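The values are calculated or read from the model by the stated rules, or taken from the named source; none is laboratory data. No experiment lies behind these values; they were computed from the predicted model shown. Using ideal geometry, Cβ is built from the backbone for each residue, glycine included, and neighbour counts are taken over all protein chains shown. Ligands, DNA and RNA are stripped out before the accessible areas are found, and what is left, the full protein with its side chains, is counted by its heavy atoms. Shrake-Rupley method; radii C 1.70, N 1.55, O 1.52, S 1.80 Å.
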Amino acid sequence: MDAKLTSWVETVTGGTVTSATRSYGGGSREMYFVDVARPGRAVDDVDQYVLRVESGTGQMSGTEVSLAREAAIYRALRDTDVPVARIVAVTDDGNAFLMAKVEGSDDLSKLSDDERSAVFDDFMRSLAKLHNTDVATLDLGPLAVPTNPEDHARLDLNMWRRVADQKAQELDPLSWYAFEWMDVNAPTSVQRTVLVHGDSGPGNFMAHDGHVSAIVDWELAHVGDPMEDFAWIDMRGNSRAHPMTAHYDVYFRETGLTFDPAALLFYRIAVYAKCAVITQLAVEQGGGAIGFAPYLISNTRYQLLVARALTDAMGLAPITLDLPAQPPTERTALFDRAMGDLRA
C-alpha cells in the first residue's frame, strides 16, 4: 500500500498498520484489508478496517460516480438502522476512505438451503429499512433529489448519459437508443422517493450467522424509485436454484409498497443499459480486475439484454434469424479455440 495512505490510516486510527492486503474483487476501485495494532495490546489483537482507494485508472475514474459520492452515502446512513459499515475517515481530496471491517462474507455458496433462505429474508428486511428511511432526513451530499415522478428515473439516467458521452468512445448505438427511449418513457408515477442502492442483490451484502451484517458497494446509489433495486436483484440474484423472488413478500410486508411490473420492466432496461456502459468502458481501457475477455463477453450480453427488455417494453415480437450453416475455412479451428478460451 502507498506509504502516504499508510501514514494517513495510522493518523486517523491512532495505531500502527501491521498488514495491508489488497482485494482484487470488482474492477472500479482498489480495496485493501488493513490491520491496525494499538499500543499496549497483544500482537494478534488488532483492529480491522477496509480501505477504498481511487486508483485513477478504473472505468468510473474521473466521472460523477466518484469515491467521494460513495463515502457520502456511508456517512448519511451511519445513524440509521440500515446495516452498513461504519465509516472512520475520508481523505481531504475524497480519493480514499476508511471503514471498519464487518463480520461475514458475500459468498453464500457454502450455505445450506435453509441458511440461504434465512439470509435472503433478512436482506429483504434490510432493503425495506433502506426504503423506509425518509430521504429528507439524510445528508446525501451531491445526490440530486427528484421533484416529479419522471425525474425519479431521469436524473440518474441523465448522469449515465453524461458519463457515456464523456468517456465512452464506441458505445453501441442500441445503448444510446435505450437512454433516449427511457427519457421519453420514464414512469409517470412512483410509490415512494427512496435512496436506491443501485446495485442491489447477492454479492453486494455481507452475511454472518444467518443475518445481513452489512450492505456494501454504494457507488451507484441515488435517489429514485424503489422498483429499481428490484431490477438489480432480478439481474444479480434470481438464479433458478435459489430465486430471490420467493422472498419479496418480506419486503412488501415491511414497506407497505406493492409490486409494480411495469416499473420493473422499465428499470430492467435501465440496469442493462448502465451495465453496458460500465463494461464498455472496461473494454476500452483493456479490461479490469477480472480481465479483458470477461468484460468483452459481458458487454455483449448486456447489449443483448437491453434489446430483449426493449422488445418486451414495446410489445414487439422478438426477431429470430435463421442463419445458414457456414462452411469451415482455414481459420475455423483457430476461431473455435479462441472462442473456447473466451468462454473459459
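Picking from ILE290, ILE297, ILE269, which residue would you name as being over 12 Å from MET235 (Cβ atoms) and either in contact with a helix residue (DSSP H, G or I) (Cβ under 7 Å, 6 or more places away or on another chain) or open to solvent by less than 10 Å² (accessible area, probe 1.4 Å) (or both)? Step by step, each of ILE290, ILE297, ILE269 is checked, and only ILE297 is over 12 Å from MET235 (Cβ atoms) and either in contact with a helix residue (DSSP H, G or I) (Cβ under 7 Å, 6 or more places away or on another chain) or open to solvent by less than 10 Å² (accessible area, probe 1.4 Å) (or both).
Among the candidates ALA317, ALA338, ALA293, ALA325, single out the residue that is at pLDDT below 90 and in a loop (DSSP other than H, G, I, E, B). Spell out how you get there, then give the answer.
Values: ALA317 fails: at pLDDT below 90; ALA338 fails: in a loop (DSSP other than H, G, I, E, B); ALA293 fails: in a loop (DSSP other than H, G, I, E, B).
Exactly one residue qualifies, and that residue is ALA325.
Between residues in region 136-154 that are in a loop (DSSP other than H, G, I, E, B) and residues that are among the hydrophobic types (A, V, I, L, M, F, W, C) and open to solvent by less than 50 Å² (accessible area, probe 1.4 Å), which pairs lie under 6 Å by C-beta distance while being six or more apart or on different chains? Qualifying pairs under 6 Å: LEU138/ALA76; ASP139/ALA76; LEU140/ALA76; GLY141/ALA72; LEU143/VAL223; VAL145/VAL223; PRO149/VAL190; GLU150/ALA186. If the condition is being loosely packed, with under 14 Cβ neighbours inside 10 Å and either in contact with a Pro (Cβ under 6 Å, 6 or more places away or on another chain) or among the aliphatic types (A, V, I, L, M) (or both), then region 224-256 contributes ALA241, ALA246.
Does region 111-127 include one or more residues that are farther than 28 Å from LEU257 by Cα and basic (Lys, Arg)? No, every residue in region 111-127 fails to be farther than 28 Å from LEU257 by Cα and basic (Lys, Arg).
Residues that are in contact with a strand residue (DSSP E or B) (Cβ under 8 Å, 6 or more places away or on another chain) and hydroxyl-bearing (Ser, Thr, Tyr) were ranked within region 25-61; the one that is surrounded by the most Cβ atoms within 10 Å (Cβ to Cβ) is TYR49.
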